[in-house]
Structures are given as structure tokens and as C-alpha cells.
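To start, the structure under review is shown below, and the notes come after it.
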Amino acid sequence: MTEIGFYHLLRTPLEAALPQLLVKTLERGERAVVKAGSEERIKQLDDALWRWGPSSRNDSFLPHGTTADGNGEKQPVWLTAGDDNPNGATFLFLTDGAESGALADYARCFALFDGRDEAAVAHARTQWKAWKDAGHTLTYWQQAERGWEKKG
């Protein structure tokens, strides 16, 4: 079964929180797929990842690609609106309420949701119940002042 972590965004938007989680993923030597609900949203996340990082640092580039870029097998982070995994990723990031029919293909899944959006919170609760009933291992993380706090 896939280990699924719910990440409750309270302090920063997805565009700020996602890059930090992806950096930690890459530091662990893992590859990631980021799935969003639409190609338009993929474009927004792609733009955010290109702009990510302090402007004073030269090492803040976060390598990633999309279908428009090609060479999916070479990309450490793949952005998609589908269930494709051309880079052989073991980590899946679901954003904006996206669903995946390929959870079993990943060791870990990160379900990120906006805590200021009542519909997103309700959807996360529905996902929690369905994935718990399916036998997945679930954890819940809440964004706090000093980073992520694991909650009971």
C-alpha cells in the first residue's frame, strides 16, 4: 500500500509550499510526479517552479519538465494533468484535488490542499476516508509557523 500524507496548507499558497517539498524529495534522491487538475494549472505550476528561489542564489533552480518540454525520462520532477510517470517517480504529489488511478505505482503520495478553501478541505476529508478504507497508511501534516507539524 502507498503511504499517503495529507498536507494542509494554511500559511503559504501551493506555489510556495510545493517547491520546498520537491527540494526535499530531490535531496533524498527520489523522483516526483506532480499532478494537477488541468493543463492550465500545470502551466501555472511550471511558471512558479521556474521563478522559485531567492533571487540572490544561483543554485535555486528546481529541475522539472512537462509534456511540452519532452524527455520525461530525464526529468527528476514531472508535471502532468494525467497519470503518466515517464520518469519512473516513486513520489506522487496531488494538487488542487487531483485524483490518481495509479496510487499503487508510488511508495509515497502527498495530497496538498488549501485550508482556506472549504471545498478543498471537504474533498480532502473524502479522500482521507476513501484511502483509509482502501488500506493505505495515512498521515496528516499541518503547515505551522516553523514548517510542517505532524498531527494525530
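The values are calculated or read from the model by the stated rules, or taken from the named source; none is laboratory data. In this text the structure is predicted, and so the values were computed from the model without any measurement. We place every Cβ from the backbone using ideal geometry, glycine too, and count neighbours over all the protein chains shown.
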Quick check on the range 53-76. Is at least one of its residues under 27 Å from His136 (Cα atoms) and out of contact with any Gly (no Cβ under 8 Å at 6 or more places or on another chain)?
yes
If I filter the range 33-51 for residues that are part of a strand (DSSP E or B) and either in contact with a Lys or Arg (Cβ under 9 Å, 6 or more places away or on another chain) or aromatic (Phe, Trp, Tyr) (or both), do I get at least one hit?
no
Which residue pairs have Cβ atoms closer than 6 Å, lie 6 or more positions apart in sequence or on different chains, and pair a first residue in the range 68-81 that is at pLDDT 95 or above with a second residue that is among the basic types (Lys, Arg)?
Pro76/Arg31; Thr80/Lys35
Flagged in the range 100-116 as charged (D, E, K, R) and either modelled with pLDDT under 95 or over 12 Å from the mean Cα position of the chain (by Cα) (or both), in numbering order, are Asp105, Asp114, Arg116
Looking across the range 102-152 at residues that are of a type in the set (Lys, Arg) and farther than 10 Å from Tyr7 by Cα, the single one that is surrounded by the most Cβ atoms within 10 Å (Cβ to Cβ) is Arg108
Looking at (1) farther than 19 Å from Leu103 by Cα; (2) of a type outside the set (D, E, K, R); (3) buried (at least 16 other Cβ atoms within 10 Å of the Cβ); (4) under 14 Å from the mean Cα position of the chain (by Cα), which is the one condition that is false for Thr66?
(4)
I'd like to verify a number: residues in the range 1-50 that are without any contact (Cβ under 8 Å) to a residue 60 or more places away in the chain, among the aliphatic types (A, V, I, L, M), in contact with a helix residue (DSSP H, G or I) (Cβ under 9 Å, 6 or more places away or on another chain) and surrounded by fewer than 16 Cβ atoms within 10 Å (Cβ to Cβ), how many?
1
Hey, any hits in the range 108-123 for a residue that's over 22 Å from Leu22 (Cα atoms) and aromatic (Phe, Trp, Tyr)?
no
Scan the range 85-96 and tell me whether some residue there is modelled with pLDDT under 95, assigned to a loop (DSSP other than H, G, I, E, B) and not hydroxyl-bearing (Ser, Thr, Tyr).
yes
